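For reference, the structure discussed in these notes is given below.
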Amino acid sequence: KLSKIVEAGMSVNMVYDVQDDWITDSSNAYSPYNNAFWFAPVISPWDEDGNLLAKPAKVGNMSLTSTPSPLVDLDIDAYENQTRKFHVFGNAYLRFNLMKGLKFTTTFSPNFYHGRQGIFMGTGVSDKYPDGTAYYQNKKQNYASVVNTDRLDWTWDNQIDFTKTWGNHRLGAMGLFSMYRTDKETYTQSVTNISDDRLSYHAMEKGAKNQATKSSYTESSMVSVAARLNYAYKERYMATVTVRADASSRFAKGNRWGWFPSAALAWRMSEEDFLKDVEWLD
């Protein structure tokens, strides 16, 4: 008997993902893909023996372009851009069947995210490629950064529903109160001139220059209330009226509330006797 009055449920999902990508954003303008757009397409990147040339456009002391070969950067493989994501999200609810046609449901949905992005742009200097990577040729240093992000969101919904049917009439009503909040923290470390390319971004203290630390914190919240009334006659003619209001902390005090009313009418034509034989209507 109790189970007919109170229902409960809960679900939890966890996702762990690791992504390795090339650095392609415009803030790091010395990645192989960016250099490929600038490289002269009429020049062969290989010498007569099939070896990659660091600067194929250079002939003696003259150079047709200063752009290093993007194929050399790909061959050196001195760039790293790895993102690790750990995501836990779920929901739990309680539903109270208060009486016939009347029920109340409360749902709590948390959402936790932790992410780490590590970026490294190495020198790539070796006997085969003494000039190193394109980034090193332009900056004369290597670079490493680590960004850690933590975010916690949660939504709490409280909804009451009422339905009643008599004869050809059906009436439905809904009331909703909802709260949402999100907190996000970001920590960034960056450094240049790490003593050994093999350390990548895993030994930030080995950097000799430009050690920088940044952090940020943001939070926001929203409150929503809504009411909806549905009416149907013979499940053929229907009307809906809804009023919703939201308040967000992202707006200035005194101007945080927004009201969103709506109304709709519907006609289920397929239920009309004089239209039931129309083939294209279902």
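The values are calculated or read from the model by the stated rules, or taken from the named source; none is laboratory data. Just so it is clear, the structure is predicted and the values come from calculations on it, not from any experiment. Reconstructed Cβ throughout: ideal geometry from the backbone, glycine too, with neighbour counts over all protein chains shown. SASA here: full protein model, heavy atoms, side chains in, ligands and nucleic acids out. Shrake-Rupley method; radii C 1.70, N 1.55, O 1.52, S 1.80 Å.
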Original post:
Among (1) in contact (Cβ under 8 Å) with a residue 12 or more places away in the chain; (2) under 30 Å from ASN158 (Cβ atoms), which single condition is LYS253 missing?
Top reply: (1)
**OP:** Residue by residue through the stretch 90-102, note down the ones that are surrounded by 16 or more Cβ atoms within 10 Å (Cβ to Cβ) and either among the hydrophobic types (A, V, I, L, M, F, W, C) or not in a strand (DSSP E or B) (or both).
**Re:** none
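Kindly indicate the residue of the stretch 212-238 that is of a type in the set (Lys, Arg) and assigned to a strand (DSSP E or B) and also farthest from VAL147 (Cα to Cα) among those meeting that condition. Even if it seems obvious, please write down each step before you answer.
Within the stretch 212-238, the subset of a type in the set (Lys, Arg) is 214, 228, 234, 236.
Of the ones still in play, those that are also assigned to a strand (DSSP E or B) are 214, 228.
Numbers: LYS214: 9, ARG228: 45 Å.
Checked the stretch 212-238; the qualifying residue farthest from VAL147 (Cα to Cα) is ARG228.
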Original post:
Does THR213 satisfy the condition of being exposed (fewer than 14 other Cβ atoms within 10 Å of the Cβ) and of a type outside the set (A, V, I, L, M)?
Top reply: yes
Original post:
Considering only residues of the stretch 138-158 that are touching a Phe, Trp or Tyr at 6+ places or on another chain (Cβ under 8 Å) and open to solvent by 60 Å² or more (accessible area, probe 1.4 Å), which is nearest to ALA227 (Cα to Cα)?
Top reply: TRP156
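Would you point out which residue out of GLY124, GLY101 is modelled with pLDDT of 85 or more, small (Gly, Ala, Ser) and in contact with a strand residue (DSSP E or B) (Cβ under 7 Å, 6 or more places away or on another chain)? Outline the logic, then answer.
Working: GLY124 fails: in contact with a strand residue (DSSP E or B) (Cβ under 7 Å, 6 or more places away or on another chain).
When all the criteria are applied, what remains is GLY101.
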Original post:
Can you name the residue in the stretch 242-265 that is open to solvent by less than 100 Å² (accessible area, probe 1.4 Å) and of a type in the set (A, V, I, L, M, F, W, C) and, of all such residues, is modelled with the lowest pLDDT?
Top reply: ALA252
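Quick one: would you say ARG228 is open to solvent by 60 Å² or more (accessible area, probe 1.4 Å), within 19 Å of ALA263 (Cα to Cα) and either touching a Cys at 6+ places or on another chain (Cβ under 8 Å) or modelled with pLDDT of 95 or more (or both)? Spell out the reasoning first.
Details: open to solvent by 60 Å² or more (accessible area, probe 1.4 Å): yes; within 19 Å of ALA263 (Cα to Cα): yes; either touching a Cys at 6+ places or on another chain (Cβ under 8 Å) or modelled with pLDDT of 95 or more (or both): yes.
In short, yes.
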Subject >> Unmet requirement for GLU219, which otherwise passes all of (1) among the acidic types (Asp, Glu); (2) open to solvent by less than 80 Å² (accessible area, probe 1.4 Å); (3) touching a Lys or Arg at 6+ places or on another chain (Cβ under 8 Å); (4) touching a residue at least 12 places away in the same chain (Cβ under 8 Å) >> reply: (2)
Original post:
Which of (1) more than 31 Å from the chain's Cα centre (by Cα); (2) assigned to a helix (DSSP H, G or I) is the odd one out, the single condition LYS209 does not satisfy?
Top reply: (2)
Original post:
Taking the stretch 103-137 on its own, how many of its residues are open to solvent by less than 40 Å² (accessible area, probe 1.4 Å), in contact (Cβ under 8 Å) with a residue 60 or more places away in the chain and either farther than 22 Å from THR188 by Cβ or among the basic types (Lys, Arg) (or both)?
Top reply: 6
Original post:
under 30 Å from LEU102 (Cα atoms) and in contact with a Pro (Cβ under 8 Å, 6 or more places away or on another chain), is that true of TRP154?
Top reply: yes
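Scan the stretch 138-169 for residues that are aromatic (Phe, Trp, Tyr) and either under 30 Å from ALA212 (Cβ atoms) or free of Cβ contacts under 8 Å to residues at least 24 places away in the same chain (or both) and jot them down. Don't jump to the end; show me each part of the working.
Here is the first cut: in the stretch 138-169, the ones aromatic (Phe, Trp, Tyr) are 143, 154, 156, 162, 166.
Of everything in the stretch 138-169, those that are aromatic (Phe, Trp, Tyr) and either under 30 Å from ALA212 (Cβ atoms) or free of Cβ contacts under 8 Å to residues at least 24 places away in the same chain (or both) turn out to be TYR143, TRP166.
State which residue is farthest from ASN111 (Cα to Cα) when the search covers only the stretch 25-38 and only residues that are modelled with pLDDT under 70 and either surrounded by 12 or more Cβ atoms within 10 Å (Cβ to Cβ) or within 18 Å of the chain's Cα centre (by Cα) (or both). Lay out the reasoning, then the answer.
Step one: of the stretch 25-38, the residues modelled with pLDDT under 70 are 25-31.
With the extra rule that they be either surrounded by 12 or more Cβ atoms within 10 Å (Cβ to Cβ) or within 18 Å of the chain's Cα centre (by Cα) (or both), the set shrinks to 25, 28-31.
Values: ASP25: 28, ASN28: 32, ALA29: 35, TYR30: 37, SER31: 35 Å.
Taking the candidates together, the pick is TYR30.
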Original post:
Could you give every pair whose Cβ atoms fall below 9 Å, whose first residue belongs to the stretch 170-199 and is outside any strand (DSSP E or B), and whose second residue is polar (S, T, N, Q), counting only separations of at least 6 or pairs across chains?
Top reply: ASP197/THR123; ASP197/ASN142
